[in-house]
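Reading through the structure tokens given below for one structure.
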Amino acid sequence: MQSISPTVTVVAPTFNESQNLPRLVALLDKTMGDIAWEVVFVDDDSPDGTWKVAKQLSQDDPRVRCLRRVGRRGLAGACIEGALSSAAPYVAVMDADLQHDETILPAMIAKLQNDEADIVIGSRFVGDGSAEEGFSARRAFASKVATHLSSIVIGRQVSDPMSGFFALKREVFETVAPSLISSGFKILLDILASTRGQVRVAEVPYHFRSRQEGLSKFDSRAMMDFLGLLVHRLTGGAISVRFLFFMIVGAIGLALHLVVLRIGMLAGLGFEVAQSLATVIAMTSNFLINNLLTYSDMKLRGLSALGGLLKFYVVCGVGALANIGVASWLFVSNESWWIAGIAGVIVGATFNYTMSSIFVWRQQQN
């Protein structure tokens, strides 16, 4: 077993994939040959004890390391932390669900060592690569749409910018790491967008295999993360992913507010009572959805959630005053009513987002 420093660090984010880990280590041992390697399992505190399995493996094999993340969730964040923990000249990222073909890793690393590329992508859509075995019809369609949208952001033709299987020079990753979005889903897309076409990219075909154990990381939240990343990059970082989610939740809350207000008035409640009820219900709904979606990586639970809800009420109350104050001032200053109204909403929403990030949920990048 190797005692020299690794040439490549393989970063494998995990969640409820305890049964896959021993097999993946064995496959890496079989396929990497003379390449000195290590694998870092970055586990989001899996309920099935994946992190326990990883640490047990590390006791028997020094090439295995484990980063257990408590209170944090997210595929991109896991990849970032794992890559930043590496001192190897090259870093590879792959899933632990055994869908990625580890046998192409030596070819990927060779391209980096021979200075043929700065980033090498394991592609399902170039050469004799394929994805039919591991993709459902829904996933295949979503992947095609996402690939076309991604090309707009990265400004280059890459067959598989949504791939979760890639390798790159660590110095490249270290350079772009500060600009990456930790709450995102597709870390490769973010890396390609952050490099702004200044790096050389190569692709190696592989066959995408069927999942062995564990659950897919692709869900509605992942899709929203992807869309948020596109907006963030297309606006040059002016609109963060988290702020976009916050605004979407706010729009949902506004719709709910109007529905409750209407129902209350139809039920015979006075306007003031119905408006108050609608306001409380909308704010409560906004808090719950934001806690589940917008701030899922710092989700409040138990008494902390109750305290957070009360703080959210206060923040939104002050935000409403800011909304009214700005709108009234602009209207008195002879601005059009709709300009004053929109400005008030923007100021109120920005205030709510900023103060919520500071006082309700712990502030994190993006």
*Scanning for something closer than 18 Å to ILE35 by Cβ, open to solvent by 40 Å² or more (accessible area, probe 1.4 Å) and among the hydrophobic types (A, V, I, L, M, F, W, C), does the stretch 88-105 turn up at least one residue?*
no
_From the list LEU330, LEU293, LEU309, exactly one residue is open to solvent by less than 40 Å² (accessible area, probe 1.4 Å), modelled with pLDDT under 85, within 30 Å of GLY71 (Cα to Cα) and part of a helix (DSSP H, G or I). Which is it?_
LEU293
*Out of all the residues in the stretch 271-285, is one or more closer than 30 Å to ASP44 by Cα and either hydroxyl-bearing (Ser, Thr, Tyr) or in contact (Cβ under 8 Å) with a residue 40 or more places away in the chain (or both)?*
yes
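Residue check: is VAL10 part of a strand (DSSP E or B), of a type in the set (A, V, I, L, M, F, W, C) and within 19 Å of TYR90 (Cβ to Cβ)?
When the stated conditions are applied, VAL10 passes them.
Is it the case that ASP60 is of a type outside the set (Ser, Thr, Tyr) and free of Cβ contacts under 8 Å to residues at least 12 places away in the same chain?
Spelling it out, ASP60 is indeed of a type outside the set (Ser, Thr, Tyr) and free of Cβ contacts under 8 Å to residues at least 12 places away in the same chain.
Let's see how each residue does on (1) at pLDDT below 70; (2) open to solvent by 70 Å² or more (accessible area, probe 1.4 Å); (3) within 22 Å of the chain's Cα centre (by Cα):
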| site | (1), (2), (3) |
| --- | --- |
| PHE166 | no, no, yes |
| ALA177 | no, no, yes |
| LEU180 | no, no, yes |
| PHE185 | yes, no, yes |
| LEU192 | no, no, yes |
| VAL201 | no, no, no |
| THR235 | yes, no, yes |
| PHE245 | no, no, yes |
| VAL260 | no, no, no |
*Is it the case that LEU300 is outside any helix (DSSP H, G or I) and closer than 21 Å to PHE243 by Cα?*
yes
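The values are calculated or read from the model by the stated rules, or taken from the named source; none is laboratory data. Quantities reported herein were computed from a predicted structural model and do not represent experimental measurements. Note that each Cβ is placed from the backbone with ideal geometry, even for glycine, and that neighbours are counted across all protein chains shown. Each accessible area value is taken on the protein alone, full model and side chains, heavy atoms only, with ligands, DNA and RNA left out. Shrake-Rupley method; radii C 1.70, N 1.55, O 1.52, S 1.80 Å.
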